[in-house]
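Note sheet for the following structure.
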């Protein structure tokens, strides 16, 4: 009887997939008032961690095709969030940095990320959140994914 009930329950991978989809939708919703996408937020965060990184290095770190990154940077630059500067040693290579407005946007993304965490973990107490985080870090490590806050 226990095996039948267990068979009716969704497996872990299925639950992770459903929750991942829901988490992505919720984060996108929380970023809407900022007029940012999750991709924009990822680029801003990476630039906050590595100021002056080249576009090529940034694309590699984000696992993003260079042409896709250029389009995102174009939009962020138009909004005054990033600045691209040719490097003196190689004028073909552009270093990308956050502007002051970009730093403000990154701060707003951080607030949205904290709200996102609260929404997604609303049904868990602190001990359960810590346990879930530990287990998900193990899963991420097993899949060769880096864990980031």
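The values are calculated or read from the model by the stated rules, or taken from the named source; none is laboratory data. This one's a predicted model, so the numbers in the text were calculated from it and none came from an experiment. Neighbour counts run over all protein chains shown; Cβ positions are idealised from the backbone, glycine included.
Against the definition (in a helix (DSSP H, G or I) and under 30 Å from residue 123 (Cβ atoms)), how does residue 32 come out, yes or no?
For residue 32, the condition - in a helix (DSSP H, G or I) and under 30 Å from residue 123 (Cβ atoms) - is met.
Of the conditions (1) within 16 Å of the chain's Cα centre (by Cα); (2) more than 24 Å from residue 25 (Cα to Cα), residue 64 satisfies every one except a single condition; which number is it?
Unmet for residue 64, out of (1) within 16 Å of the chain's Cα centre (by Cα); (2) more than 24 Å from residue 25 (Cα to Cα): (2).
Please identify the pairs in which a residue from segment 105-131 that is under 12 Å from residue 45 (Cβ atoms) has its Cβ atom under 6 Å from the Cβ atom of a residue that is modelled with pLDDT of 95 or more and outside any helix (DSSP H, G or I), counting only partners at least 6 apart or on another chain.
Taking only residues 6 or more apart or on different chains, the pairs are 105/81.
Would you mind stating whether residue 44 is buried (at least 19 other Cβ atoms within 10 Å of the Cβ) and touching a strand residue (DSSP E or B) at 6+ places or on another chain (Cβ under 9 Å)?
yes
Can you tell me which condition residue 20 does not meet? The list is (1) assigned to a helix (DSSP H, G or I); (2) within 16 Å of the chain's Cα centre (by Cα); (3) surrounded by 11 or more Cβ atoms within 10 Å (Cβ to Cβ), and all the others hold.
Going through the list (1) assigned to a helix (DSSP H, G or I); (2) within 16 Å of the chain's Cα centre (by Cα); (3) surrounded by 11 or more Cβ atoms within 10 Å (Cβ to Cβ), residue 20 breaks only (3).
Is there a residue in segment 62-85 that is touching a strand residue (DSSP E or B) at 6+ places or on another chain (Cβ under 7 Å) and modelled with pLDDT under 95?
yes
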